[in-house]
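Only one structure is covered here, and it is reproduced in the block below.
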Ligand code: H79
């Protein structure tokens, strides 16, 4: 079994600062500039001569993180460009040997973090290294079929040499020069086979057993089951799962259009309100938020980033209790007005938009001690009605809100209860009468011995490759009526061919049966890497308020690219 004790601090922390800082910062066009602009190695190396971040002040950065409510920092010790931002005795391509600055910023950060009680982790690009030519420049494109690169035996030898001669010595330095390291944050595990991933992971654990490692040490495309040595999973860059996901996960998030510093001419900043919403949304889905800043070549965090962090920090100062050490939304549903976090004795309602009709919760069984606004020092009681409704056979909480809410971003309403939350253990129709059957709430039935069908950390039913595999959901309908049935599929990320097309599926519900294909569907672009497809299946009448089961039985699954059917939800929308 995995040792989960070492994750305790990380689970409580919920919020960390990512820092991308390196030679690329000088050019101000993001951390991929060397590759994107095809800068030759010898020319890129020259940047080191200009790197003199005299304004770098570890204390002020750590204090900023702390003031923002962040509990840990992860900084790029070495990014894909291969340049070590720390004192690396095993390499001359490092900040101490190559730059006029000549000092080790990681040492300063480690000391400042110790003083402030903030955990420090290092990002280390273990596979891509555009300076060690073996895994450099053209490798990704040369070997990539749009998926993970395949490499020749000869290249594999070179890669191993690089792992032994650069990666291991540098990891050892990072793990012995700076005291306890909270996390080694690996990235893009291109080229790595399972043995190599395990070897590097074990190498870290042998030196510092309590150092956490994320799962980007292993290619989850090649080895979907992962390896034991990893402690938590990284979502895709900027990716937030669609639904509550109970594994240990973290979303790395940019604050603007790149990770590394982007100068005034090229940058686009995210709206602070959206950045705060991501924090809340991620907590409500039971994950951690690793929000990135890119210091300038002088070593300071840009004003516009600080402004955004300050807005989040001010909110956290009042409302942090609803984020730290919480669990996610226990209802199997989202709400029109916002979302929920919780811990024993407390339920936190995050009101993100004012609900004109008040707030309704179905299925809460605990007796309620008190309901009040978190921002209200005197904790004046809010009026509510909590009762069992015989007509629909369900507990109902009706809550009316004050006319004005104190926080313009997210007002927290606290429900004090006894002990852990106790809700009806079945998916209940939402208060807005939609019925959303999300992937993680499905019962999965493996139809073959070698079935791989599973629910991914990002909340998708994935590796659904055989028509013998099937799924169903049980749920409680409160409001009989006519419903529109639709199915939502999610694309694979990163890969050029994101979809397998040509599925045929049977859906059974309330004595009706629909057979449909993915031919007629509406595509929705979610991000650069993610697309959804919505298939309208048909209409049906649900005549009673009671428990129903919906079953999906594939008749044909297309696996042209190896993805199969990737399902996010089945939605029943009242008409
Ligand atoms: O460190 C940050 C990124 O630089 C790194 N992960 C985060 C945490 C990362 N490395 N690779 N990738 C992310 C994925 C590759 C993205 C690419 Fe592109 C899409 C490479 C080429 C197309 C984005 C757009 C980067 C260059 C152009």
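All of the numbers you see were taken from the coordinates with simple rules; none came from a lab. Small disclaimer: the values here were computed from a predicted structure and weren't measured. Virtual Cβ from ideal backbone geometry, glycine too; neighbours counted across all protein chains shown.
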Once a ≥ b ≥ c are taken as the square roots of the eigenvalues of the Cα gyration tensor of segment 381-420, is the result rounded (a/c under 1.5), prolate (a/b larger than b/c) or oblate (a/b not larger than b/c)?
prolate
Please tell me the relative contact order of segment 34-102 in percent, rounded to the nearest whole number, where contacts are Cα pairs under 8 Å and at least six residues apart.
33
At residue 506 and residue 420, where each label point lies 7 Å from the Cα along Cα→Cβ, what is the point-to-point distance in nanometres?
3.9
With everything on Cα atoms, drop me the angle between helix 105-116 and the longest principal axis of the chain, reported from 0 to 90° to the nearest 10.
50
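Could you list 495, 124, 387 in order of exposure, starting from the residue whose Cβ has the fewest other Cβ atoms within 10 Å?
If I rank by nearby Cβ atoms, fewest first, I get 387, 495, 124.
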Taking the number of other C-beta atoms within 10 Å as the exposure measure, put 334, 528, 250 in order starting with the fewest.
528, 334, 250
Footprinting proxy, 352, 452: sorted fewest to most Cβ within 10 Å, the residues are 452, 352
Could you tell me the center-to-center distance, by alpha carbons, between segment 214-253 and segment 433-462 in angstrom?
17
The chain, Kirkwood Rh and Cα Rg, ratio Rg/Rh at 0.99
Distance between Cα centroids, segment 268-342 to segment 182-201: provide it in whole Å.
28
Acute angle (nearest 10 degrees) that the helix 272-284 long axis makes with the longest principal axis of the chain, alpha-carbon atoms
70
Can you show me the helix-derived [θ] at 222 nm for the chain, built from DSSP H runs with n ≥ 4 at -39,500 (n - 2.57) apiece and divided by the number of residues, rounded to the nearest 500.
-5500 deg cm²/dmol
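Taking Cα pairs under 8 Å and at least six residues apart, what relative contact order does the chain come out at, in percent?
Relative contact order for the chain comes out at 12 percent.
Quick check of the Kirkwood formula: for segment 234-302, what is the inverse mean of 1/r over all pairs of different Cα atoms, in Å?
12.9
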Mind running the shape call on segment 351-450? Use the C-alpha gyration tensor, a ≥ b ≥ c as the square roots of the eigenvalues: rounded below 1.5 for a/c, prolate if a/b tops b/c, oblate otherwise.
prolate
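Round to the nearest 0.05 the FRET efficiency obtained for residue 360 and residue 534 when R0 = 41 Å and r is the Cβ-Cβ distance.
Working: r = 27 Å, r/R0 = 0.65.
Given R0 = 41 Å and the Cβ-Cβ separation, E is 0.95.
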Given the peptides 43-52, 435-444, 300-309, arrange them by the average over their residues of other C-beta atoms within 10 Å, most packed first.
435-444, 300-309, 43-52
Mean Cα-pair separation over length for segment 344-418, i.e. relative contact order, pairs under 8 Å, 6 or more apart, %:
50
Once both axes come from the Cα atoms, what is the angle between helix 303-319 and the longest principal axis of the chain, in degrees from 0 to 90, rounded to 10?
40
Using alpha carbon coordinates only, what is the Rg to Rh ratio of segment 53-106, with Rh defined as the Kirkwood radius?
1.04
By the C-alpha gyration tensor axes a ≥ b ≥ c (rounded if a/c is under 1.5, else prolate when a/b exceeds b/c, else oblate), the shape of segment 1-88 is prolate
So the FRET efficiency between residue 388 and residue 263, C-beta based with R0 = 56 Å and rounded to 0.05, is 0.35
In whole percents, the bins of 10 Å from zero upward hold the Cα-Cα pairs of segment 392-448 as 13, 31, 36, 14, 4, 1
